[in-house]
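Notes follow the structure.
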Amino acid sequence: MRNPACCTRALPLAFSSGAALAGHVVLAFGIVLVAAVLISGIAHRTVLSTAVLFLVAGFALGPGIAGVVDVSPDDRTVVTTMQLALFVVLFTDGQRVGVRELTRAWRLPGRALLLGMPLTFAITTLLAVLLLGLPPIEAMLIAAVLAPTDPVFASAIVGRGEIPARVRGLLNVESGLNDGLALPIVLLLTATVGGGVPDYTALALQLVGGVAIGVAVPVAIALLLRIRFIDATPLYASLSPVAVALIVYGLCQATGANLYLAAFSAGIAIASISPEIRDAFTPYGEFVGEVVKLFAIFVFGALISPSVLADVPLAGYVFALLTLVLARPVAVEIALLGSGLSWQERLTASWFGPKGFASALYGFLVLQNGGPDAAFLFHLIVVAITLSIVAHSSTDVPIARYFERLEREDGAETQSRRAV
């Protein structure tokens, strides 16, 4: 018979060990955050990126090197962190544009989503077959995982006023929607590669349920706030989006509805029916989104151990590089031909397609259910995301400065013509 006293002693010991590990992660993240604060002014003016700082710090402190941040891809905490980061960012990004603005600005994102995304998928699949010798079904799976662009890193360029508004709108809407559009394909291909039978009805219900929950919850809360005898203070009214986010998240977890479509739909619904509440909440949302984003980058960096990098052959690195400089740029450039955008705007939109949390999260699905080559496919995904974070986080400032200089030159030329 087991000794109860022994068990009661072991339980606090296990709890103490887990708490100490969590404390190490929080402490390390806090120190890196201080460093980011100190260099933030320099990073805003140069190619030095705070995102890369957190990625490198996570890598250096991860289990493969220093061992301070001891995490693994099958750690539930890691998956939850990625989920929360993507949910928060999609929720706050959705609030940037209401239905009216989305309707007016749909033409360009529609081109990128309905033509550019399938072309990116096709080119990436071809590269995976030719360079890596993957079976077509596995090549399609990795292409589906890497097809979405990430709203977290796209926000680095979307948030810069120097970039033309139509390019910012294109990238914002595209990065918010393509995660949910790619998810059914990822689930279908993952089940196929893993030997399972996909449930098409369940996938459809996930997507429809996510949109329904994302719209219904903010509409219901907005109607409650408009009841005549309801008297909410400005502070608490501005916190109503927090209540929306919590309820949407909880309902999606309980029902299995698509979490990310629900988050983006809820953000759009808030911006459409309660723009005044959206405006009051925006400072909180941006603050929380930035902290969650940086913490997720830090944790993701800790997953990139030297053994993961060594498992990928040279052809894998060439593949990852070509997904950035060839697959999306060619696809989106073709999709935007005849769109009325200047060549500079088309080039910016086609280049800035960063990979991030959605691809990482879908990579975890591949790792769990993707058959005998799942680990290798996951490592390829990690390399592609890492190269993307470094490349795209380091080019937002030069691109913004180029458009700022272009605008000054156009302004000077206009004044000169008026003077003549």
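Data overview
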quantity	calculated
Dipole magnitude of the chain, debye to nearest 20 (Cβ charges: Lys/Arg +1, Asp/Glu -1, about Cα centre)	580
Which of F54, L239, G176, positive extreme of dipole for the chain (C-beta unit charges)	L239
Calculated Rg and Dmax of the range 203-322 using C-alpha coordinates, Å	19.5, 67
Accessible heavy-atom area order of D279, D150, highest first, probe of 1.4 Å	D279, D150
Contour excess over end-to-end distance, with Cα ends at E276 and T77 and 0.36 nm allotted per residue	68.1 nm
Cβ-based charge dipole, the range 270-351, positive-most Cα from S307, P275, V291	S307
Distant-in-sequence amide H partners of V69 (H built 1.01 Å from N, under 5 Å)	G62
Cα centroid separation, the range 341-411 to the range 175-227 (Å)	24
Rg/Rh (Cα only; Kirkwood hydrodynamic radius) as it applies to the range 266-344	1.16
Förster-model FRET efficiency, 41 Å R0, L27 and Y284, C-beta, rounded to 0.05	0.95
Virtual spin-label span in nm between A66 and L314, 7 Å along Cα→Cβ	3.3
Convex hull of the chain built on C-alpha atoms - directionally averaged projected area, nm²	27.0
Sum of -39500 (n - 2.57) over DSSP H runs of 4+, divided by residues of the chain (222 nm, nearest 500)	-26000 deg cm²/dmol
Cα convex hull of the range 300-404, projected area averaged across orientations, nm²	7.8
The chain: relative contact order in percent, alpha carbon pairs under 8 Å with at least 6 residues between	30
Choice from A349, A143, A202 with maximal GNM fluctuation in the chain (Cα, 10 Å cutoff)	A202
For the range 272-328, size of Cβ-based charge dipole, Lys and Arg +1, Asp and Glu -1, in debye	200
Gain on full stretching of the segment that runs from D231 to V330 - 0.36 nm per residue minus C-alpha separation	30.2 nm
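The values are calculated or read from the model by the stated rules, or taken from the named source; none is laboratory data. Treat the numbers as computed from the prediction; the structure is a model and nothing was measured. Don't worry about glycine lacking a Cβ; one is built from the backbone with ideal geometry, like all the others, and counts go over all protein chains shown. We work out accessible area using only protein heavy atoms, side chains counted, and drop any ligands, DNA or RNA first. Shrake-Rupley method; radii C 1.70, N 1.55, O 1.52, S 1.80 Å.
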